[in-house]
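These notes are about the structure you will find just below.
The values are calculated or read from the model by the stated rules, or taken from the named source; none is laboratory data. Please read these numbers as outputs of a predicted model, since none were measured by experiment. Cβ placement follows ideal geometry from the backbone for every residue including glycine, while neighbour counts extend to all protein chains displayed. Note: areas computed on protein heavy atoms with side chains; ligands, DNA, RNA excluded. Shrake-Rupley method; radii C 1.70, N 1.55, O 1.52, S 1.80 Å.
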Amino acid sequence: MTFNPSGLFEELTSTTQKLAKGYETLKNIQEVTVATTPKELVWQKDKVKLYHYLRETPAKCKIPVLVSFAMLNRHDVLDLQPDRSLMKKLIEEGLDIYIMDWGYPTQADKYLTMEDYIDGYMNDAIDFIRKKHKVPKIHKQGICQAGTYSMIYASRYPEKLQSLTTYVAPFDFGENENMLYKWAKYIDVDTMVDSVGTISGEMIDSAFSMLKPSMNISKYIGVMDSLEDEDKLLNFLRMEHWKSDLPAIAGEMYRKYIKDLFRDNLLIKGELTLGGEKVNLKNMNVPYLNVYATGDNIIPNHSTKAVMAKIGSKDKQEIPFPGGHIGVFVGTKSQKDLAPAVAKWTIEKS
């Protein structure tokens, strides 16, 4: 290998210039804001809140929609910025949308169970919307972990739902080729919960970061080429803002989530119990739309698609999204293709 001093000097000079211009760009950025689509708080129970997105025109869909995001991160990624907002686009397409905010659990919440979240908070929020709009049923949408919980809910309370849509949600946890699923089977979750009570968001995030260790390095290398472009830099900072906003997880809920789903795969086997009753997926008989990402490195496609043969719905459809797990919410194709397709399907089921 030939050492080229002049080439090294040019690279250092170029990098220095980029950093200097990046500093000037950062000086002009006063604040990084996310989740700016207007909404109002309409219901709260403990730390869990329900927001209603405001509309300027009447909704095309007369039956309201409740969206729930995973508890492992904040729902703000669904409304990252005006031109990359799944929620804003669904509203523009005619849906009347509510969104659940799971809040920030503390040690006081360590005894909250999966039953508390599904039979309690989720069910109470749905009953509130049904009563407010004077409708017997609503549309439900769930994303990732909340998609799994929404499927469990739909299997227990199908009479309250007009339809169910899930995005990149795991249902079959028997996969061993996926690193996340493999790790989860060997987590000593009892010791974790008994020792720390509520599981910190930083602890969960460190595990996810190990799925693709090079990502944390490559993203900072990649942003070097965007330092002069304020819009691109803001895109990066908004995503980093969201990724660093890490709620804790209620210990008892996390214990059951890991043991009954990831480790023992009880949901797809028909052996999961909630409140002492078995969750029978055949009872989930409402129209169902299953969105999965073909390039998902977090939730395998098999895990998402496996539920199709287990549920009781006759009216069921899949949408393969050409992208990754997060791209479903923030990608260009999400705004252009996915959101309009989901909205159209939901309106049709009303």
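Pop the C-beta distance of Tyr104 and Glu56 into the FRET formula with R0 = 25 Å and round what comes out to the nearest 0.05. Write out the running numbers ahead of the final one.
Details: r = 31 Å, r/R0 = 1.24.
My answer for the efficiency is 0.20.
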message = Need one value: the accessible area of Lys269 in square angstrom, 1.4 angstrom probe, rounded to the nearest 10.
response = 120
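Between Lys134 and Trp345, what is the FRET efficiency for a Förster distance of 25 Å, r being their Cβ-Cβ separation, to the nearest 0.05?
Values: r = 24 Å, r/R0 = 0.96.
The pair Lys134/Trp345 has a calculated efficiency of 0.55.
Just subtract the alpha-carbon distance of Lys269 and Asp188 from 0.36 nm times their residue separation and send over the number in nm, one decimal.
Full extension of this stretch gives 26.9 nm more.
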query = Once label points are set 7 Å from the Cα along Cα→Cβ at both Met203 and Asp231, what is their separation, rounded to one decimal in nm?
reply = 4.3
request  = Using DSSP to define loop residues, name the GluC sites (Glu not before Pro) in the stretch 228-330 whose beta-carbon has at most 16 other beta-carbon atoms within 10 Å.
outcome  = Glu228, Glu271
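Taking the solvent-accessible surface of protein heavy atoms with a 1.4 Å probe, what is the per residue accessible area of the stretch 54-150 in Å²? Each step should come with its number before you reach the end.
Details: 3460 Å² over 97 residues.
Per-residue value: 36 Å².
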